[in-house]
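Following: one structure in structure tokens, then a few remarks.
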Amino acid sequence: RLIRKHNFRWWAKFNYITSAALDGGTTIAVLIIFLAVQLHQKQDLSWWGNNLNSKTIDGASVPTSLLKAPPDGFALSTAQRLAAAGR
């Protein structure tokens, strides 16, 4: 934005090529990372994001009958909301 404002002719000349270079660089980086992860299958990848789901209630297959909602529900009733608002 600053370059466009102060040097519009330079920005107009090089904006398209700069955008194409950034897009191309992103594509090449994604390809390299994908191939490096997919071709290197000697061991399972193990980091925080891969193991997190098995440590949750869903991943541990906890029966949902253990997780009961409160008898009054989670939200305030209309009367409670009006009382809290001072009406």
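By how many degrees, 0 to 90 and rounded to 10, does the Cα axis of helix 8-39 deviate from the longest principal axis of the chain?
Tilt relative to the chain: about 60 degrees.
Is it possible to state the helix-based mean residue ellipticity at 222 nm for the chain, with each DSSP H run of 4+ residues giving -39500 (n - 2.57), the sum divided by total residues, to the nearest 500 deg cm²/dmol? What is it? The partial results should precede the final answer.
Values: 4 runs with 49 residues, N = 87.
Helices in the chain give a 222 nm mean residue ellipticity of -17500 deg cm²/dmol.
Averaged per residue, what accessible area in Å² does the chain show with a 1.4 Å probe, protein chains only?
Result: 98 Å² of accessible area for each residue.
Starting from the exponent 0.38 and prefactor 2.2 Å, build the expected Rg for the chain from its residue count and divide its actual Cα Rg by it. Could the numbers behind the result be given before it?
Numbers: Rg = 27.3 Å, N = 87, 2.2 N^0.38 = 12.0 Å.
Against the empirical 2.2 N^0.38 Å value, I get 2.27 for the chain.
Using a 1.4 Å probe on the protein heavy atoms, what percent of the accessible area of the chain belongs to carbon and sulfur? Mind showing how you got there, number by number?
Values: 5280 of 8570 Å².
After summing per-atom areas, the C and S share lands at 62 percent.
Points 7 angstrom from Cα along the Cβ direction at SER54 and ARG81: gap in nanometres?
Those two pseudo-labels are separated by 4.3 nm.
Sorted by mean Cβ packing within 10 Å, highest first, what order do the peptides 68-76, 32-40 take?
Top of the packing list down: 32-40, 68-76.
The values are calculated or read from the model by the stated rules, or taken from the named source; none is laboratory data. No experiment lies behind these values; they were computed from the predicted model shown. Heads up, the Cβs are rebuilt from the backbone with ideal geometry, glycines too, and the neighbour counts pull from every protein chain shown. To get the accessible areas, we keep the full protein, side chains included, count just its heavy atoms, and leave off ligands, DNA and RNA. Shrake-Rupley method; radii C 1.70, N 1.55, O 1.52, S 1.80 Å.
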